[in-house]
Amino acid sequence: MKTPSYSETYIIPYVNKGPKTVYRHGMKESGALNLPISVVAGELGMPTTDIAERNEGSHGDDMDYVNRRFKEPWGWTRDSMAEVMAAGKAAIDWDNKWHPPGTKQLANGRMHGIGFSFNKQWQADPNAEFFPSTAVVSIPRIDGTAKLIGRHADGGWNSETSWCQIVADELGMKYEDVECRPFDYPGFDLKQGSGSSGLVSMSPALVRAARRCRQRLLELATEEISGMRPAFPGLTPDDLDVKDSVVFEKANPENSLSVYRVVQLFWEWHEPAIGTSASLKHDIEGADRALMRQVHFVEVEVDTETGEVIVTKVVNVNDVGKCVTPESVRAQQYGGAWMGIGNSRNEAVYYDPQTGVKLNDNLIDYKWFSMNDIQGPMEQIIVETGMGYGPYGICGCSEAVGATMATCTSDAIYNAIGKRITSFPTTPDKVLKALGKA
Amino acid sequence: MQLQRFKNVNAATLDEAISVLAAGSAMAVAGGTDVVSTLRAQILRDYPETIVNLKTIAPSLDYIREEGGMLKIGALTRVGDIAGNSIVYGKYTALAEAAHKTASPNVRELGTIGGNVCQLSRCWYFRKRDNRFDCIRKGGTLCNAVEGDNRYHSIFGDIMGCVCVNASDIAPALIALGATIVTTKREIEAEQFWDFAIPGSTILDVDEIITEIQVPEPNSDVKSAFVKFALRKSIDFPVVNCAAAIGGGVASICLNAVFVTPYRPTAAEEAIAGKPITEDNAEAAGEEAIKNSEPLSMNSWKIQIAKTMVKRAILSCQ
């Protein structure tokens, strides 16, 4: 029931054709983690969740060691796995719905199944050198709104919204007074190269740049320059604060001036308030341990006469540390779930065995899931333990939901029919073959 | 993949369209959902010099009406209009359900019934762009699917060595309902309409155009139904589909996507005709339907699907 570590071997054959299925980041790691757990649980007739909880750990270490060695020194006390598991189980009603494999037939004749998978919450290795990001935050004189400028990033769900929210909070400005102005010339990279872990990689640079910009703004508001009377004479930057795009004296809030007016006062003499920053490597020992978790649940009905698998409910729970934009996180959750389920159920590239020519290079024959192909409700739950390595304990969500969902559906199919399908995608022909009907 | 240059003729009359087709190197287009993708991918040996647009013909061939104990559907009637027609759904249920389960809503709003029954094979060897596989169906000598990836191909053998399947959803409904296809030259029983042809899928001459589909009104004790199995709920062509019309001691059943042409499992029809529609009788008819199956190397799973589709189509006629 409890295994100290997994032995995982990648076999990479070099052949004159592409990968069998569409690659989703982290799928092989997720499969190596979840498939053995699903198999062990199946052989023991135990819920998959039980085996997962018993084998919770990090980098091959069990949680006793991880708690003692890392979490306690860092002051982190929450148990991410326990929190996401409890939330997910409650949402899918796992304790009532799980049953021994192949034992529950529904009134419509189909077999009922429920599946589980989990993973660490994906985030960039904070010590990796390939995830630097840069940010420039400026409050130009022209309109007094904050500009976040840098090279355009393609990745992420609605990432520019989250960036602007962080900058607005740090500056003390209204969200609508912060604008992202991306360009396509390399130099200042808003999340270099885009891709995954965008927010956790980008936010350190954003926070530092915004704080430097805010400091410069307050200096402009209090310094006498070239004989010009400052906006807040006799005060220091520490005497001031900014809220809702208004600079005010802490001890006398009525002594206030809008950010726009502050930068306007100096339009002839000074550069705009500006702050720049690049994200730096962390120097926290073990910072790549990624202690936050994601768990996923799928409920299915299997038609044993056709091999069709009908997805009737999906629950995704992600501990993202700190959620900046819930809509973006939920989009990553259900978007990833959709793609992960579709990938595991239908998607494969087929080649002519005689010539090696790809046969299904179009979206008619490549069976990408359509909107109708998940029939049941999809519920997204966000947990915030604050144990990420970004500012505010942020971690982000990213595409790992898609990678982790594949084994979730195969676990559910096994729970439904009591037979193991040993390759992806789990198409009807394989279900029928497992049932001895093809 | 892009369209090559061709001459477009907006035919004003059927005679004009026929004359252009008779001149050779021409192709007729109605909704265009099949023709345009065929031309874009350049799957055929020869690229037509002329495309004849049938939608401009007057009087219009876009109508649905009952006349003389018969449903008459103009060849240019859109599939979506058939799916949503209350008369069709009420009396000719299998046809309405087949239309409703064809492709996706946007394709149904473009595609016509005439185009649907004339669609070319969906075999992925036949369809491979740039005529990558010059197979039997195009006049070549080899069916690549026989030794290739044939997971979606025929489970009832071949015609002249070709094991592709007819993928129309509407075809089996028309056969089960005893429809007639009217062309500019003749009237053809639906069951006789589909045959091995190069490169087409029907017995139509190159200068022959469908004008109308006629479906006799079923007796009041006849019920019809259409069922479909595909890998996705929308968009997909069938893995297997089946239409049935049962009542008055008679059963008419037609499977599709299981053979080169729509396939009528006569043994299943005989097994259920005149018997009460029960789970056991439907199951037995399903078993009869697949008795002559000859699966290829990768598609034995379709036999189970076909059996189930026959059973479910029969049960849906209760």
In square angstrom to the nearest 100, the accessible surface buried at the A/B interface, both sides summed with a 1.4 Å probe, amounts to 2700
Residue span A:R261 to A:T103: 0.36 nm per residue of separation minus Cα-Cα distance leaves a gain in nm of 49.7 nm
Inter-part gap, Cα centre of region B:247-268 to Cα centre of region A:155-174, in whole angstrom, is 62
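Over 53 Å apart: what share of the alpha carbon pairs of the protein assembly as shown falls there, rounded to a whole percent? Numbers along the way, then the final one.
Working: 82612 of 285390 pairs.
Considering the protein assembly as shown, 29 percent of its Cα-Cα pairs are separated by more than 53 Å.
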Computed about the Cα centre, the charge dipole of chain B from +1 Lys/Arg and -1 Asp/Glu charges at the Cβ has a magnitude in debye, to the nearest 20, of 1020
So, over other residues within a Cβ distance under 13 Å of B:I159, counting Lys, Arg +1 and Asp, Glu -1, the net charge is -2
Residues meeting the amide H criterion for A:S258 (H placed from the backbone, H to H distance under 5 Å, 5 or more places apart or on another chain) are A:V247
Taking 0.36 nm per residue of separation between B:D195 and B:A22 and subtracting their Cα-Cα distance, the length gained on full extension comes to 60.2 nm
In nm, the gap between the two label points placed 7 Å beyond Cα toward Cβ at A:R229 and A:I310 is 7.8
As straight-line cross-link partners of A:K419, the qualifying aspartates and glutamates (C-alpha separation under 19 Å, not fewer than 8 residues apart within one chain) are A:E43, A:E299, A:E301, A:D303, A:E305, A:E308, A:D411, A:D429
Karplus ³J(HN,Hα) for region A:417-428 (6.51 cos²θ - 1.76 cosθ + 1.60, θ = phi - 60°; Hz, whole; x = Gly/Pro) runs 10, x, 10, 8, 9, 9, 8, 9, x, 8, 6, x
Taking a straight Cα-to-Cα line shorter than 16 Å from A:K322, and setting aside same-chain lysines fewer than 8 residues away, one finds A:K120
With only helices counted (DSSP H, runs n ≥ 4, each -39500 (n - 2.57)), the per-residue ellipticity at 222 nm for the protein assembly as shown, to the nearest 500, works out to -8500 deg cm²/dmol
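A:E176 to A:N252: FRET efficiency via 1/(1 + (r/R0)^6), r the Cβ-Cβ distance, R0 30 Å, to the nearest 0.05? Mind showing how you got there, number by number?
On the way: r = 27 Å, r/R0 = 0.90.
It comes to 0.65.
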Expressed to two decimals, region B:190-318 has a Cα Rg over Rh, using the Kirkwood radius, of 0.99
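I want the antiparallel fraction of DSSP beta bridges within chain B, as a percent rounded to 5. Walk me through the numbers before you get to the answer.
Values: 33 of 42 bridges.
Around 80 percent of the beta bridges assigned by DSSP in chain B are antiparallel ones.
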Any residue on another chain or 5+ positions along whose placed amide H is under 5 Å from the amide H of A:K147 is listed here as A:S138, A:I139, A:E179
With Cα springs under 10 Å, the Gaussian network model of chain B assigns the largest mean-square fluctuation among B:I87, B:I272, B:I253 to B:I87
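Given Cβ point charges of +1 (Lys, Arg) and -1 (Asp, Glu) and nothing else, what value in debye, to the nearest 20, does the dipole of the protein assembly as shown about its Cα centre take? Kindly include the intermediate steps, with their values, before the conclusion.
Values: 76 positive and 93 negative charges, 182 e Å.
It comes to approximately 880 debye.
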Counting sequence-distant residues (5 or more places) and residues on other chains, those with an amide H built under 5 Å from that of A:A348 are A:K367
Note to self: C-alpha centroids of region A:218-234 and region A:335-399 sit apart, in Å, by 55
Distribution output for region A:22-110: share of Cα-Cα pairs per 5 Å bin in percent, first bin at 0, values 3, 11, 16, 18, 19, 16, 10, 4, 2, 1, 1
So for R0 = 30 Å, FRET eff. of A:N362-B:I203 from the Cβ-Cβ r, to 0.05, ends up at 0.55
Dividing the mean separation of Cα pairs under 8 Å (6+ apart) by the residue count of chain B yields a relative contact order in percent of 17
Between A:E327 and A:K28, Cβ-based FRET efficiency (R0 45 Å, step 0.05) works out to 0.90
Here the residues of region B:12-27 lying in the modelled label zone of B:D46, meaning backbone nitrogen under 14 Å from a point 7 Å along Cα-to-Cβ, are B:21-27
Once phi for every residue in region B:148-156 is put through the Karplus expression 6.51 cos²θ - 1.76 cosθ + 1.60 (θ = phi - 60°), the whole-Hz ³J(HN,Hα) values, with Gly and Pro written as x, are x, 8, 10, 4, 10, 8, 4, 10, 10
Residue by residue through region B:179-187, the couplings from Karplus 6.51 cos²θ - 1.76 cosθ + 1.60 with θ = phi - 60°, in Hz, x for Gly and Pro, are 6, 10, 9, 9, 10, 6, 10, 6, 10
Once the in-chain neighbours fewer than 8 apart are removed, the lysines whose Cα is under 19 Å from A:K174 read A:K147, A:K243, A:K250
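On a full-extension model of 0.36 nm per residue, what is the gain between A:T236 and A:R54, subtracting their alpha-carbon distance, rounded to one decimal in nm? Don't skip to the answer; put the middle values down first.
On the way: separation 182, 0.36 × 182 = 65.52 nm, distance 5.64 nm.
This chain segment gains 59.9 nm when fully extended.
The values are calculated or read from the model by the stated rules, or taken from the named source; none is laboratory data. Bear in mind that the values here come from a model prediction, so they are computed numbers and not experimental data. Every residue, glycine among them, receives a Cβ derived from its backbone with ideal geometry; neighbour counts consider all protein chains shown. Heavy atoms of the whole protein, side chains included, go into the accessibility calculation; ligands, DNA and RNA do not. Shrake-Rupley method; radii C 1.70, N 1.55, O 1.52, S 1.80 Å.
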